[in-house]
1. Of the residues in region 97-124, how many are basic (Lys, Arg) and under 17 Å from LEU32 (Cα atoms)?
2. Which is of a type outside the set (Val, Ile, Thr), in contact with a helix residue (DSSP H, G or I) (Cβ under 7 Å, 6 or more places away or on another chain) and either farther than 30 Å from ARG10 by Cα or modelled with pLDDT under 95 (or both), of LEU92, LEU116, LEU108, LEU40?
3. Surrounded by 10 or more Cβ atoms within 10 Å (Cβ to Cβ), more than 19 Å from the chain's Cα centre (by Cα) and not aromatic (Phe, Trp, Tyr), is that true of GLU89?
4. How many residues does region 49-76 contain that are surrounded by 16 or more Cβ atoms within 10 Å (Cβ to Cβ) and in contact (Cβ under 8 Å) with a residue 40 or more places away in the chain?
5. If you check ARG133 against the conditions, is it touching a Pro at 6+ places or on another chain (Cβ under 6 Å), touching a residue at least 12 places away in the same chain (Cβ under 8 Å), more than 14 Å from SER70 (Cβ to Cβ) and part of a loop (DSSP other than H, G, I, E, B)?
Amino acid sequence: LVRLEDEDGRALYDLADAPRPDPETPAPPRLLAAFDSVLLAYASKRRARILPDEHRDAVYERRNLQIRPSYLVDGLVAGTWAIEVKRREATLTLRPLERLPRAARTALVEEAEGLLRALQPDAKAHAVSVERRGS
């Protein structure tokens, strides 16, 4: 193992020969499931590393203790998502919490299409929609 440090000087460990991308490499968009460990693993004081405080209530539904499916853009939670199937037509709806840059939106829709096909392989049609912010 090799010992590394985070920005606060805390010890981090990794395999010595594990690939490490250049720090300037942009993080690809990712869709996280409800209750994903990425959202559960952070101590509340450090959660802003992945979930900006202004988006916390959109992801953590306190009244019934739910954690909504969400997605990451540049390594930060930028919205939530849901799948609906009607008449064997599956639609994954992305709900942005902030403005999505065009390149991020394109990459996110591509990622969502792959996930939708994997989760709903028997659907006769698949679609991804992006709600307008504030809808």
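1. 2
2. LEU92
3. Here the answer is yes, as GLU89 does meet what is asked.
4. So the count comes out to 4.
5. yes
The values are calculated or read from the model by the stated rules, or taken from the named source; none is laboratory data. Everything numeric in this text was worked out from a predicted model, so none of it was measured. No Cβ is skipped: glycine too gets one built from the backbone with ideal geometry, and neighbour counts run over all protein chains shown.
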